[in-house]
Every structure is written in C-alpha cells, then in structure tokens.
1. What residue, among those in region 8-33 that are modelled with pLDDT under 90 and among the hydrophobic types (A, V, I, L, M, F, W, C), is farthest from V219 (Cα to Cα)?
2. Out of all the residues in region 59-68, is one or more surrounded by fewer than 13 Cβ atoms within 10 Å (Cβ to Cβ), within 21 Å of C140 (Cβ to Cβ) and within 22 Å of the chain's Cα centre (by Cα)?
3. Could you tell me which of the residues Q127, Q109 is in a loop (DSSP other than H, G, I, E, B) and more than 13 Å from A177 (Cβ to Cβ)?
4. Quick check on L42: is it at pLDDT below 95 and either more than 26 Å from P147 (Cβ to Cβ) or outside any helix (DSSP H, G or I) (or both)?
5. Does Y58 satisfy the criteria of being modelled with pLDDT of 95 or more, of a type outside the set (S, T, N, Q) and out of contact with any Asp or Glu (no Cβ under 9 Å at 6 or more places or on another chain)?
6. What's the total number of residues in region 16-39 that are loosely packed, with under 13 Cβ neighbours inside 10 Å and out of contact with any strand residue (DSSP E or B) (no Cβ under 9 Å at 6 or more places or on another chain)?
7. Looking at region 91-104, is at least one residue assigned to a helix (DSSP H, G or I), of a type in the set (S, T, N, Q) and at pLDDT 95 or above?
8. Name the strands (runs of 3 or more DSSP E) wholly within region 146-225 that hold at least 1 residues that are modelled with pLDDT of 90 or more and surrounded by 20 or more Cβ atoms within 10 Å (Cβ to Cβ)?
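The values are calculated or read from the model by the stated rules, or taken from the named source; none is laboratory data. Just so it is clear, the structure is predicted and the values come from calculations on it, not from any experiment. Neighbour counts are summed over all protein chains in view; Cβ atoms, including those assigned to glycine, are modelled from backbone coordinates with ideal geometry. Quick note on the areas: whole protein, heavy atoms, side chains included, nothing else; ligands and nucleic acids left out. Shrake-Rupley method; radii C 1.70, N 1.55, O 1.52, S 1.80 Å.
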Amino acid sequence: MGSNMSVQFNIEAIGCDALLIKFTGASNQRVMPIIAALQQALINQQAKTGIIDIVPSYQTILLHFHLSKTSYTELAPYLSTIIKPILSTGLEIEKTSETLITIPACYHQSLAIDIHAVAQQHQLSHQDVVELHSAKIYTCYTIGFMPGFGYLGDLDTKLHTPRLKTPRSTVSAGSIAIADNQTAIYPQDSPGGWHIIGKTPSSMLACSEDGLMQSRLYVGCQVQFQPISLDEYQQRLTAIENDL
C-alpha cells in the first residue's frame, strides 16, 4: 500500500478562534480516509487540546477552539505533527459491512418527481437511472445543510445534473435527490434545489441514548441504495408509522 505523501496540506486561521486544515493534490476519494483518520485522532485528543468543534468536509476540516486554552500559533504546529504521520500511512477507504448502510429506495414516478426529466436530459430510460443510481457504493463526505443531510459521492457521470434553477419551497422528508456529482436524502421537510429521483421510508435521524436526535449517516460511512417497489415502500412506511 502506497503512502499519501503527494497530498499536501495547509493550516490557516479563520478568525480568532478557528482554523481550517485544507488538503490539496488528490481526489475527494483519496483525501476522505485521511480526513476520517484525522477527525478520529482529534476527537481522541479533544479534551486536552482545547478544540470544541470539528467539522469535516470534502477536503477540509474546520476546527473551533477555546481561546482560554489554546491559540492558532500553538495549535497549528501541534496539528502538523498529527497530520504528517497520517499522510505517510497510505490510507484507503475500506468498503466493509461495518461501514455500509443500505437505504431502501423507491424510484416510482409518483415519488420520483424529477426522474423523467433527468432521464430525458441524459437520454436514458427510467430504469437506466434506477440502475445507475443504485449500483454505486457512495461515500459520505460531509454532513451539512441540516442535521442528517449527508453529501454522498461520487455519482455516476451519466447522472451528473445541475441543481434546479429555482429551488422548491418544500421537499418532503425521505426524498432521494441528485445534484452535480452528488446524491443525498432529505432528512426532514425543507426547501431544496436538488432533483428528486426517489424516496426512502427510512428516517435519516435516530434517537440517541441521551434522547437527542442524531444522524444515521456519518463522515466516511458507505451508502448503497436498494430499489424497492411502491407497494413495499408503502408497507415499510406503514410499519414505521405503527411503531411510533
């Protein structure tokens, strides 16, 4: 396994109590395991470093810290000593059963309000879109926009579609959507400008032991969509509603 030494990084101050670690020189797919490893290392050291918030994204990690405990000039050199060994290890994304989350997806026209337009734009059939979208194993690169909204990549190039010119005022929870080279699931009703190509009966939010809602998806996890019929979608949705 080769190293990631061709990947470069820089650390820059963002205001007085935050800094940004930015990686360059490699694809999102190659940088993601580096970010996941660094995130875990920072979580393990969080109590003694003064870091209060860790926000990973495609090729960056944003850190907020307590000014009373540390500063940019203290934290930046320390971070370099953590990052350099990670870059030398040649990490790769592991697609294992432990990290794979399977999401049931119904691509029926009644739920997939944009699937016909997407298929037409790319000169594909409805079934082509279903097969291309569900065949991939996606990586969750970041959680953003709202709690539980995981940005999943990388979408098959045959499905790359620009965002809607005019976002919808409401997209219903569970909607599966695509935009550019990404796909995502709306965890709750919200405005949205992505193309809706399906819907899942599963919730993207779960209640933790302390009673707080948390995302089912997390940075670095793998996601694959499992096509289901409209009947199965309705049966699963009814079963979930009966359990509430």
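1. A26
2. Within region 59-68, none of the residues are surrounded by fewer than 13 Cβ atoms within 10 Å (Cβ to Cβ), within 21 Å of C140 (Cβ to Cβ) and within 22 Å of the chain's Cα centre (by Cα).
3. Step by step, each of Q127, Q109 is checked, and only Q109 is in a loop (DSSP other than H, G, I, E, B) and more than 13 Å from A177 (Cβ to Cβ).
4. Criteria not met by L42.
5. Considered against the rule, which asks whether it is modelled with pLDDT of 95 or more, of a type outside the set (S, T, N, Q) and out of contact with any Asp or Glu (no Cβ under 9 Å at 6 or more places or on another chain), Y58 comes out as no.
6. The qualifying residues number 2.
7. No, every residue in region 91-104 fails to be assigned to a helix (DSSP H, G or I), of a type in the set (S, T, N, Q) and at pLDDT 95 or above.
8. Qualifying strands (runs of 3 or more DSSP E): 150-153, 175-179, 182-185, 190-192, 195-199.
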